[in-house]
1. Just to check I understand the Karplus step: with θ = phi - 60° and J = 6.51 cos²θ - 1.76 cosθ + 1.60, what whole-Hz values come out for the range 25-41, glycine and proline as x?
2. When a/c is below 1.5 the answer is rounded, else prolate if a/b is larger than b/c, else oblate, so apply that to the range 119-169 with a ≥ b ≥ c taken from the square roots of the Cα gyration tensor eigenvalues.
3. Mean residue ellipticity at 222 nm from the helices of the chain, using -39,500 (n - 2.57) per DSSP H segment of n ≥ 4 over the full residue count, to the nearest 500 deg cm²/dmol?
4. Given charges of +1 on the Cβ of Lys and Arg and -1 on the Cβ of Asp and Glu, with all other atoms neutral, how large is the dipole of the range 99-212 about its Cα centre, in debye to the nearest 20?
5. Ignoring ligands, DNA and RNA, what accessible area per residue does the chain give at 1.4 Å, in Å²?
6. Can you pull the accessible area of Ile6 for me, 1.4 Å probe, Å² to the nearest 10?
7. Please compute the Kirkwood hydrodynamic radius of the range 47-129 from all pairs of different C-alpha atoms, in Å with one decimal.
8. Using +1 at the Cβ of each Lys and Arg and -1 at the Cβ of each Asp and Glu in the chain, identify which of Leu165, Ser105, Gly17 lies farthest towards the dipole's positive end.
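The values are calculated or read from the model by the stated rules, or taken from the named source; none is laboratory data. Note that the structure is predicted; figures quoted are calculated from it, not measured. With ideal geometry, Cβ positions are generated from the backbone for all residues, glycine too; neighbour counts draw on all protein chains shown. SASA here: full protein model, heavy atoms, side chains in, ligands and nucleic acids out. Shrake-Rupley method; radii C 1.70, N 1.55, O 1.52, S 1.80 Å.
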Amino acid sequence: KKTVSIELDPNIIKQAGIPLLTTDSQWKQLTGNIQNKKMKQIMAEVETRLKEKKSSEVKIKQLKTIKKKLTQEILESSHEINEDPETNDKLRQLEMKRDELKKASHELDKLHERLEVIPAELNQYNYMLLQETVNEVGVQLIKADQHNQKLDARINELREELNRLRVDKEEAVQKLERWYSFIHHLVGPKEMEKLDQQLAYHPEVEQGDRVT
């Protein structure tokens, strides 16, 4: 299999405003039948990142709600403990809530950090997919170009053949006209009808040419 290897400018995605290819309908339509193994692997990585992004955004929203609730509960518990410092059970609950808040904050930070990285990863995978797309389409272009050249050559051959056939046709018609006219003048139309039955060629015979 013929291969094409074209190295694209790493900044082309940003410079040309190229969208995420896996979400582009035209890209999907044109590459549906030419996606190679590497392209499919990259597409799978992109899909994983997109799902992770969506999942992280949902988790962040949930964690923010949890943090807000815990913060409110901690404030209320702290107020109650300040009024009654000897309540050990409330102190334990307060510590548990603080631990939960700390855990939620830590998880939030990790998710935010991950969300900051995902766009760069998507951009890199998009560049890799673009690179593969250009190379794979390049192969298709070369194949189509070669086929087109063969068609052009065949069309030229047929044109030349057609021109030769036109010349042969003209010569054949001229020969038919000469021989037909010759025999027609010799034997006349009545006898000529016997020969006409065996011929596909039947010219219009002028009255003045007929033998009476």
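1. 3J(HN,Hα) across the range 25-41, in whole Hz: 5, 5, 4, 4, 5, 7, 9, x, 9, 10, 5, 8, 4, 5, 4, 5, 5.
2. Details: a/c = 12.73, a/b = 7.95, b/c = 1.60.
Here the range 119-169 falls in the prolate category.
3. Numbers: 4 runs with 167 residues, N = 212.
So the calculated ellipticity at 222 nm is -29000 deg cm²/dmol.
4. Working: 16 positive and 24 negative charges, 111 e Å.
For this selection, approximately 540 debye.
5. Numbers: 16230 Å² over 212 residues.
About 77 Å² of surface per residue is accessible.
6. Only protein atoms counted, so the area is about 80 Å².
7. Values: mean 1/r = 0.0669 Å⁻¹.
Taking every pair of different Cα atoms in the range 47-129, averaging 1/r and inverting gives 14.9 Å.
8. Highest projection toward the positive end goes to Ser105.
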